[in-house]
Structures are given as structure tokens and as C-alpha cells.
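This report concerns only the one structure given below.
The values are calculated or read from the model by the stated rules, or taken from the named source; none is laboratory data. No experiment lies behind these values; they were computed from the predicted model shown. We place every Cβ from the backbone using ideal geometry, glycine too, and count neighbours over all the protein chains shown.
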Amino acid sequence: MAPLVTPQRLIAQVPYIAVGLVVAAGLTLVIFEYWRRGVVTIGAAMGMAGLLRLLLPARRAGLLSVRSRGFDVAAYIFLAVALIGIGVAIPAPAL
């Protein structure tokens with residue numbers, strides 16, 4: 001029986017792991033009440049996911065590829081624009 005985790009399978013998930021780390025950083029910012037920065041960071045992660053999905057072949061995109069390339073890129077870019085727009089549009093409270 002072949003092992004479930006091989007170096008090739010692990011390397012194929014590097015783009016997904018990179019996006020996940022940026023999302024985790026954004027969630028950490030949200031937890032510490034820097035939610036605007038956190039939302040923008042998560043939006044940047046979605047933009048990074050879209051760019052990686054656009055540039056990498058399907059076998060290297062790993063879990064970033066869900067549907068067709070066009071749909072995936074459009075969905076990631078839509079999320080990036082929406083999240084960054086929300087993070088930028090809402091003003092900071094006056095102190």
C-alpha cells in the first residue's frame with residue numbers, strides 16, 4: 001500500500017498552505033481587534049490565491065483548484081475586492 005503523504009503531494013499543497021498562513025495572520029489581527037487590517041489581510045490572501053490559481057498549472061495549484069480555472073480566479077478576485085473594499089471603506093472610530 002502506498003503512503004498517503006508523499007513529498008510530491010506535500011509540495012503540491014504549498015500554495016494552499018501559503019494562502020492559509022496569510023488568512024491565519026488576518027484572523028489573528030481580527031482577534032486582537034485590528035479587524036480592518038485583518039479583513040484587508042484576508043482580502044490580500046484571496047488575491048494571492050487568485051493569482052496563484054491563474055499562474056500555476058492545475059496539478060500544482062493543489063486545493064486552490066476547485067472548479068474551472070476561470071471560475072476559481074473570478075471567485076478569488078471577487079472575494080479579494082469585496083474584503084479589501086469593506087476594510088478600506090469603513091472609517092476608523094474617532095478617538
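Brief remarks follow.
- Scanning the range 1-21 for residues that are assigned to a helix (DSSP H, G or I), surrounded by 14 or more Cβ atoms within 10 Å (Cβ to Cβ) and touching a Gly at 6+ places or on another chain (Cβ under 9 Å) yields Ala12, Pro15, Tyr16.
- Residue ID - modelled with the highest pLDDT, chosen from residues in the range 55-80 that are loosely packed, with under 14 Cβ neighbours inside 10 Å and either of a type in the set (Val, Ile, Thr) or not in a helix (DSSP H, G or I) (or both): Ser68
- Residues that are within 19 Å of the chain's Cα centre (by Cα) and either loosely packed, with under 11 Cβ neighbours inside 10 Å or of a type in the set (Ser, Thr, Tyr) (or both) were ranked within the range 22-43; the one that is nearest to Val66 (Cα to Cα) is Thr41.
- Within the range 44-59, the set of residues being among the hydrophobic types (A, V, I, L, M, F, W, C) and within 11 Å of the chain's Cα centre (by Cα) comprises Ala44, Ala45, Met46, Met48, Ala49, Leu51, Leu52.
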